[in-house]
Amino acid sequence: MKNYLLRIGKYLLLIFSLFVIERTAFLCVYHQTVADISRNEIFSTYYHGIHLDISTAAYLFFIPFIILTLQLIFNKKWLEKILTGYSIAVIVFIVLSAIADIFLYEEWSTKLNYKIWYYLRKPDEVFRTATWFQLIFGSLATLLISGGLIWTYLKWISKPAVVPIEKFYWQISLIFVGGVFTIFIGMRGRLTDIPISQSCAYFSKNQILNDAAVNTQWHLIKSTIRFRSSNKTNQYVSMDQRTAEKMVAEMFVNEKDTCIQVLNQSRPNIVVVILESWSADLIESLGGKSGITPYFHQLEQEGLLFTQTYATGRRSQEGISGIVSGFPAIPVNTITDNFEKYHALPSISEKLKAKGYQTSFYFGGNLDYGNLRAYLMAMQFDRIIDESSFPKSTPHGKLSIHDEYVLTRQLSDLHKEKSPFLSVLFTGSSHSPYDMPTTAGTLDWEVDQLPYLNSAKYADWALGQYFKKAKKEGWYDNTLFVLVADHSHETYKGWKYHEAGYQHIPMLWLGGALKEEWRGQRWGKLCSYIDLTPSLLNQMGINATEFRWSHDIFNPYTPQFVAFQNLLGIGWLTPQGSLSLDFGHDKIYCGSLPDEVTTEEELKKAKAYLQVLYQTYLDL
């Protein structure tokens, strides 16, 4: 029994030690982010995270407990071999997930979650979006740490051997029952009627401390389990479905069906440039620092700048499908990952092809990522150009061909294109690992996210060169250009994923097809990239009723609100303020609405919107 209890104690000590080391490593890596937070609050992450640590340890320890208890009865070597194999797998899982969480947190601004499984289906994507430092250091750290821990397990944790105790069967039965009961309580995290949830680790107004307190492995497994069931049932039901549908229908009722005309022709060529990860914080006119995107600033003088445009999601797949199909981002799932739902989505390409347009899509990377190739084909783009369409000698970053070459290729092709045409181009240089050329020079500011800012500076320079060439084309005077981001970024302002400011993006309309009186003007109404396509179609007199989740930006009577997903549930933004709802725990983060009555009214609308949107997704 002494050996048995010693083995149990050492096994649990190993697991909890790994959790403490992981949390400490996370806080050390992001020490600059927590530098202004008191030490007491930082150290509180260990206390507030203990319940999730206990729950995770209980799940991981269940199989070892069974095997060790069986060894009190059976003297079988294969039992120890199974335990050793399982333990090595657990060690590698904890180390890999911990390192991945630390590396990805800066880019994702959230804990490691189920979405990692999407990317691991295409390991090449992980390789190409990571920096060399992340790849080399991450691989070495994984090998060395895992190797060291496995050695520690074999030399210390797996000893002494547990041997059978004769005529001790009924006592072992009591130990087994008591142990299973204790582990079950541990899985629940506490002796209460309500099972443990992630919210028990939330204690700070500083989201990074909450994320540090949340056990990485618990969060990854929990989000994965939720994802498996998310395509079957609507997890966001908060009221009667008819009531919710009635509320949502009222949100899209316009007092008058009218539209301010900003185009000078009904069938212009349309070029949409989707800017990878561009935040409003990159744009001086939208509250950003000057000097990051000077060419964009020049283009504003000849275009219509939308000052209150917001993304509905935080991934490129969500942004592209939001722009092309007007479908909002949803929690947990991504519409482009569901092939069976493509047929039910509307598409700007399909609508314009019916009016005689030639359509194309350009990207300098691999469109297999996020199932974008399949999605774009289903959306009926005539020509889809990605990295495989370029000469192998084309200057290339790890993720994609540099923006200047993709933009040049599009202009070359459009020079031969028959009008009218729709051409969508998705940039890539402002995505990590930010290995773009330094043609535009670099910023030497002492700010966080400097590589990201320099990548935007390069992308901005490439846009400037692009428009200098485009203006020389004969079709320029008959063309509308739309510059819009696919999603935003944490930026140097340190936005958290549940804040409305994280979703703020630029959008600019310009070109010969824009009426003269709108050039150099600003549009200040709330809107989203999901409003782009139907607003554009309405300008052209083309029916856009299929885009049921979108507003016409240019209808002065359009209700103003933007919904965005925050992984926890839904964010809700109105001219009066915003809120971000953790649906699972019915908690509001970052509420900035003026009073409780308004907050309750808008919260009910947000819940109805989320319920109906997700049900629509399930029914597609």
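The values are calculated or read from the model by the stated rules, or taken from the named source; none is laboratory data. Just so it is clear, the structure is predicted and the values come from calculations on it, not from any experiment. Neighbour counts are summed over all protein chains in view; Cβ atoms, including those assigned to glycine, are modelled from backbone coordinates with ideal geometry. Side chains are part of the model used for accessible areas, which takes the heavy atoms of the whole protein and leaves out ligands, DNA and RNA. Shrake-Rupley method; radii C 1.70, N 1.55, O 1.52, S 1.80 Å.
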Next on the checklist: Among the listed residues 237, 163, 248, identify the single one that is part of a loop (DSSP other than H, G, I, E, B), in contact (Cβ under 8 Å) with a residue 40 or more places away in the chain and within 27 Å of the chain's Cα centre (by Cα).
Outcome noted: 237
Next on the checklist: Criterion first (open to solvent by 20 Å² or more (accessible area, probe 1.4 Å) and among the small types (Gly, Ala, Ser)) does residue 147 satisfy it?
Outcome noted: yes
Checklist entry - Quick one: is residue 141 touching a helix residue (DSSP H, G or I) at 6+ places or on another chain (Cβ under 9 Å), outside any helix (DSSP H, G or I) and either open to solvent by less than 90 Å² (accessible area, probe 1.4 Å) or of a type in the set (Phe, Trp, Tyr) (or both)? => result no
Item to check | Enumerated helices (runs of 4 or more DSSP H) restricted to segment 29-131, each holding at least 2 residues that are of a type in the set (A, V, I, L, M) and either open to solvent by 20 Å² or more (accessible area, probe 1.4 Å) or closer than 30 Å to residue 387 by Cβ (or both) | outcome: 50-70, 77-108, 115-120
Item to check | Residue that is most open to solvent (accessible area, probe 1.4 Å) [pool: residues in segment 344-366 that are assigned to a loop (DSSP other than H, G, I, E, B) and more than 20 Å from residue 316 (Cα to Cα)] | outcome: 355
Next on the checklist: Which residue is nearest to residue 85 (Cα to Cα), if the candidates are limited to segment 152-164 and must be aliphatic (A, V, I, L, M) and surrounded by fewer than 14 Cβ atoms within 10 Å (Cβ to Cβ)?
Outcome noted: 154
Checklist entry - Residues of segment 253-278 being at pLDDT below 95 and under 33 Å from the mean Cα position of the chain (by Cα), which ones? => result 253, 254
Checklist outcome for this item: Result of the Cβ filter at 7 Å on segment 207-226, keeping first residues that are open to solvent by 10 Å² or more (accessible area, probe 1.4 Å) and partners that are assigned to a helix (DSSP H, G or I), at least 6 apart or interchain, is 218/52; 218/55; 218/56; 219/198; 224/117
Checklist outcome for this item: residue 413 fails exactly one of (1) within 13 Å of residue 271 (Cβ to Cβ); (2) among the acidic types (Asp, Glu); (3) in a loop (DSSP other than H, G, I, E, B), namely (3)
Item to check | Candidates 531, 582, 552, 586 - the one that is within 24 Å of residue 203 (Cα to Cα), buried (at least 16 other Cβ atoms within 10 Å of the Cβ) and either at pLDDT 95 or above or of a type in the set (D, E, K, R) (or both) | outcome: 582
Checklist entry - Restricting attention to segment 40-65, which residues are over 30 Å from the mean Cα position of the chain (by Cα) and free of Cβ contacts under 8 Å to residues at least 40 places away in the same chain? => result 40, 63
Next on the checklist: Can you tell me which of (1) under 24 Å from residue 492 (Cα atoms); (2) surrounded by fewer than 22 Cβ atoms within 10 Å (Cβ to Cβ) is the one residue 436 doesn't meet?
Outcome noted: (2)
Checklist outcome for this item: Per the filter on segment 594-608, residues open to solvent by 10 Å² or more (accessible area, probe 1.4 Å) and either touching a residue at least 60 places away in the same chain (Cβ under 8 Å) or closer than 15 Å to residue 498 by Cβ (or both) are 603, 604, 605, 607
Checklist outcome for this item: The residue from 185, 175 that alone is in contact with a helix residue (DSSP H, G or I) (Cβ under 7 Å, 6 or more places away or on another chain), closer than 30 Å to residue 73 by Cα and of a type outside the set (Gly, Ala, Ser) is 175
Checklist entry - Of all residues in segment 319-343 being in a helix (DSSP H, G or I) and modelled with pLDDT under 95, which is nearest to residue 565 (Cα to Cα)? => result 335
Checklist outcome for this item: residue 457 fails exactly one of (1) part of a helix (DSSP H, G or I); (2) touching a Phe, Trp or Tyr at 6+ places or on another chain (Cβ under 7 Å); (3) open to solvent by 10 Å² or more (accessible area, probe 1.4 Å); (4) of a type outside the set (S, T, N, Q), namely (2)
Next on the checklist: For residue 361, only one of the following conditions fails: (1) at pLDDT 85 or above; (2) at positive phi. What is its number?
Outcome noted: (2)
Item to check | Which listed residue is touching a strand residue (DSSP E or B) at 6+ places or on another chain (Cβ under 9 Å), at pLDDT 95 or above and open to solvent by 10 Å² or more (accessible area, probe 1.4 Å), from 285, 316 | outcome: 285
Checklist entry - Can residue 322 be described as among the small types (Gly, Ala, Ser), in contact with a strand residue (DSSP E or B) (Cβ under 8 Å, 6 or more places away or on another chain) and touching a residue at least 12 places away in the same chain (Cβ under 8 Å)? => result yes
Checklist outcome for this item: Here the residues within segment 367-416 that are within 23 Å of residue 478 (Cα to Cα), surrounded by fewer than 18 Cβ atoms within 10 Å (Cβ to Cβ) and of a type in the set (D, E, K, R) are 382, 383, 413, 416
Checklist entry - Identify, please: which residue in segment 570-579 is on the phi < 0 side of the Ramachandran plot and small (Gly, Ala, Ser) and is, among those, least open to solvent (accessible area, probe 1.4 Å)? => result 571
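Each row is one residue, and each column tells you yes or no for (1) within 24 Å of the chain's Cα centre (by Cα); (2) within 28 Å of residue 331 (Cα to Cα); (3) of a type in the set (Val, Ile, Thr).
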residue	(1), (2), (3)
498	yes, yes, no
504	yes, yes, no
518	no, no, no
531	yes, yes, no
543	no, no, no
546	no, yes, no
551	yes, yes, no
556	no, no, no
569	yes, yes, no
Checklist outcome for this item: residue 430 meets each of (1) buried (at least 20 other Cβ atoms within 10 Å of the Cβ); (2) in contact with a strand residue (DSSP E or B) (Cβ under 8 Å, 6 or more places away or on another chain); (3) part of a helix (DSSP H, G or I) with one exception, condition (3)
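Here is a yes/no grid of residues against (1) of a type in the set (Gly, Ala, Ser); (2) assigned to a loop (DSSP other than H, G, I, E, B); (3) touching a helix residue (DSSP H, G or I) at 6+ places or on another chain (Cβ under 8 Å):
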{"position": "537", "(1), (2), (3)": "no, no, yes"}
{"position": "551", "(1), (2), (3)": "no, yes, yes"}
{"position": "594", "(1), (2), (3)": "no, yes, no"}
{"position": "597", "(1), (2), (3)": "no, no, no"}
{"position": "602", "(1), (2), (3)": "no, no, no"}
{"position": "614", "(1), (2), (3)": "no, no, no"}
{"position": "618", "(1), (2), (3)": "no, no, no"}
Checklist outcome for this item: Scanning segment 3-24 for residues that are open to solvent by 40 Å² or more (accessible area, probe 1.4 Å) and closer than 15 Å to residue 213 by Cα, the one nearest to the chain's Cα centre (by Cα) turns out to be 24
